[in-house]
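Bear in mind these aren't lab numbers, they're just calculated from the coordinates by the rules spelled out. As the structure is a prediction and not an experimental result, all values here were calculated from the model. Here Cβ is always computed from backbone atoms with ideal geometry, including for glycine, and neighbour counts include all displayed protein chains.
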Amino acid sequence: MAKDAILDEFKKTAQTTDVVFDKKVKVGIIGTGWIAEAHMQQYLDMPDVEVVAGADVVPGKAKAFFEKFGLENVRCYESHTELLEAENDLDAVSICTYNSTHAECAIAALEHGVHVLLEKPMCVTTEEAIEIMKAEKKSGKILSIGFQPRLDPNMIKVRDIVQSGILGDIYYIQTGGGRRHGIPTPFGTSFIEKDTGVIGAMGDIGCYSLDMVLNAIGYPKPLTVSGYTSNFFGKDPHYFEIDGKPAEYADLFGVEDFAAGFVRLEGGIILDFRIAWAMHLDTSGDTIIMGKKGSLRIPSTECWNGSIGGPMTIYSEVAGSQIETKIPMVTDNSKGNFYKKIRAFVVAVATGGKAPVPTSQILYNQAIIDGIVKSAKIGKEIEIEIPEI
Ligand SMILES: NC(=O)c1ccc[n+]([C@@H]2O[C@H](COP(=O)([O-])OP(=O)(O)OC[C@H]3O[C@@H](n4cnc5c(N)ncnc54)[C@H](O)[C@@H]3O)[C@@H](O)[C@H]2O)c1
């Protein structure tokens with residue numbers, strides 16, 4: 001199926017929020033931490049979904065999680081393997097574990113013949129992404145990656161503007177952004193430790209910026225990357241002290257809090273990317289998409305929330321005059337992006353549809369992140385090699 005057709009289907013299914021299926025979709029939740037709560041809240045809002053099982057490697061955590069939602073009868077396990085081996089009537093799982101276990105949990109679920117909604121980032125290396133995709137292909141099951149900003153109407157507008165052709169051929173993109181003071185340690189250190197997070201700001205928020213622009217231009221293949229990573233804030237005990245967090249978090253900090261990459265994409269497009277969890281700066285710049293007929297400015301985004309910073313502007317030239325066209329913000333009174341992401345997946349499962357956010361696209365997102373890590377390590381540009389799957 002062509003990329004455009006997949007995306008059109010995604011938009012349609014995501015909006016199918018009022019259909020209630022006769023047969024309930026039976027779901028398990030693997031990893032019952034912070035983001036699992038958001039999955040659970042959406043599933044509870046769907047009369048045609050039943051959450052029947054859950055697992056967490058911390059003993060008792062899954063049981064306490066479901067009790068908090070008033071659910072006493074959900075079957076609880078202490079690992080994803082225990083859950084998948086014991087449950088033989090599951091339709092789907094939400095995988096909400098920390099980054100380092102995304103690949104093993106997704107592969108195991110696919111091998112057990114279960115559809116998968118996998119939280120972002122897809123995983124932590126290109127090699128893992130390829131193993132996941134092999135398991136997906138063998139299983140014939142749906143595997144969708146949890147990029148909810150795609151469903152925001154203003155994000156859809158970014159893609160629609162680029163796809164309309166008004167900018168002409170795209171040749172240069174700048175994207176990224178980040179937070180001035182925002183290393184995430186909400187309920188512990190799973191985002192910042194090497195063993196659990198593996199990648200830091202890129203896996204947490206950079207992957208969203210990349211998705212915003214790559215999705216808009218049809219996800220061309222990345223060819224080469226020159227990357228840089230640093231951790232000046234995360235390794236500073238004072239940073240955590242002023243947050244009222246233990247200074248020892250600095251000793252545990254094992255990922256990047258800033259990354260930058262200069263990427264060559266198929267079709268002669270340059271992608272200039274940077275992302276920060278912390279910086280001495282309010283923003284590292286707007287997202288800009290430059291084309292031969294016009295350019296689009298997206299005010300410094302918080303695209304990880306599915307939001308843009310204000311009305312976008314198209315710069316172009318008409319009959320020799322330089323003009324600027326403001327694109328009004330779209331307001332959306334429907335349910336939030338997170339609901340739409342989960343609902344799009346449920347609809348795909350219930351109707352035998354396609355993955356709303358397919359791995360064939362997110363593989364390239366992952367390959368750029370992995371390329372930045374690998375290039376930064378050796379201090380020079382590298383080629384991105386992606387084998388056929
Ligand atoms: N889409 C979003 O908006 C969004 C927001 C926050 C986090 N996330 C993503 O969600 C993932 C989880 O983040 P979090 O903040 O919930 O982390 P967390 O540390 O709060 O929760 C992860 C849970 O997974 C459990 N776990 C790990 N491996 C397991 C396994 N093999 N089997 C069962 N349980 C296992 C851990 O014990 C922990 O309780 C991350 O990859 C993160 O990037 C997405």
Can you name every residue in the range 323-336 that is within 20 Å of PRO299 (Cα to Cα) and either touching a residue at least 60 places away in the same chain (Cβ under 8 Å) or loosely packed, with under 13 Cβ neighbours inside 10 Å (or both)?
ILE323, GLU324, LYS326, ILE327, PRO328, MET329, VAL330, THR331, ASP332
With respect to ASN333, is the statement that it is within 18 Å of the chain's Cα centre (by Cα) and either within 30 Å of VAL51 (Cα to Cα) or not basic (Lys, Arg) (or both) true?
no
Take residues that are crowded, with 21+ Cβ neighbours inside 10 Å and within 8 Å of the ligand (Cβ to nearest atom) and tell me which of the helices (runs of 4 or more DSSP H) falling wholly in the range 16-96 contain 2 or more.
80-86
Tell me which strands (runs of 3 or more DSSP E) are completely within the range 109-215 and hold 1 or more residues being among the small types (Gly, Ala, Ser) and either more than 26 Å from TRP34 (Cα to Cα) or within 14 Å of the ligand (Cβ to nearest atom) (or both), or say none if there are none.
143-146
Selection from the range 278-308 of residues that are surrounded by fewer than 17 Cβ atoms within 10 Å (Cβ to Cβ) and free of Cβ contacts under 8 Å to residues at least 40 places away in the same chain
PRO299
For LYS377, the lone unmet condition from (1) in a helix (DSSP H, G or I); (2) within 30 Å of LYS141 (Cβ to Cβ) is (2)
Residue satisfying all of: in the range 216-246; buried (at least 17 other Cβ atoms within 10 Å of the Cβ) and hydroxyl-bearing (Ser, Thr, Tyr); farthest from the chain's Cα centre (by Cα) among these:
TYR239
Please tell me if VAL347 is buried (at least 19 other Cβ atoms within 10 Å of the Cβ), in contact with a helix residue (DSSP H, G or I) (Cβ under 7 Å, 6 or more places away or on another chain) and aliphatic (A, V, I, L, M).
yes
